[in-house]
Amino acid sequence: MERGHHIDIRNIAYFHHVYDSEQPDMRRLYEQAKIDQWNAATDIDWEQPLDGDGGLIADDLVDIHGTKFWDRLSEAQRVELNRGTTRCCTAM
């Protein structure tokens, strides 16, 4: 049994790259988008020292985190598994 279907369509898109302030809806949308974004200059505590000996991702993203297998690992093994998981996931 087919679970999808095909539709032939033809669309034309036009991008008008002038967003003058005389377009109040565009200005409002732009201003709202700026508010909703994080700001690396103000949202990150750059004075906080970095711990370079830990994993690269949150431990709960490692598949076996929270299992008896995870609990049996030493801290060094957890860090190495974390880094290996990161390498595997980012290499795809």
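The values are calculated or read from the model by the stated rules, or taken from the named source; none is laboratory data. Bear in mind that the values here come from a model prediction, so they are computed numbers and not experimental data. No Cβ is skipped: glycine too gets one built from the backbone with ideal geometry, and neighbour counts run over all protein chains shown.
Of note:
- Whichever residue in the range 1-55 is within 30 Å of residue 79 (Cα to Cα) and of a type in the set (A, V, I, L, M) and, among such residues, is surrounded by the most Cβ atoms within 10 Å (Cβ to Cβ): 44
- At least 1 residues being at pLDDT below 90 is the threshold, and among the helices (runs of 4 or more DSSP H) wholly inside the chain those reaching it are 24-36, 40-43, 75-90.
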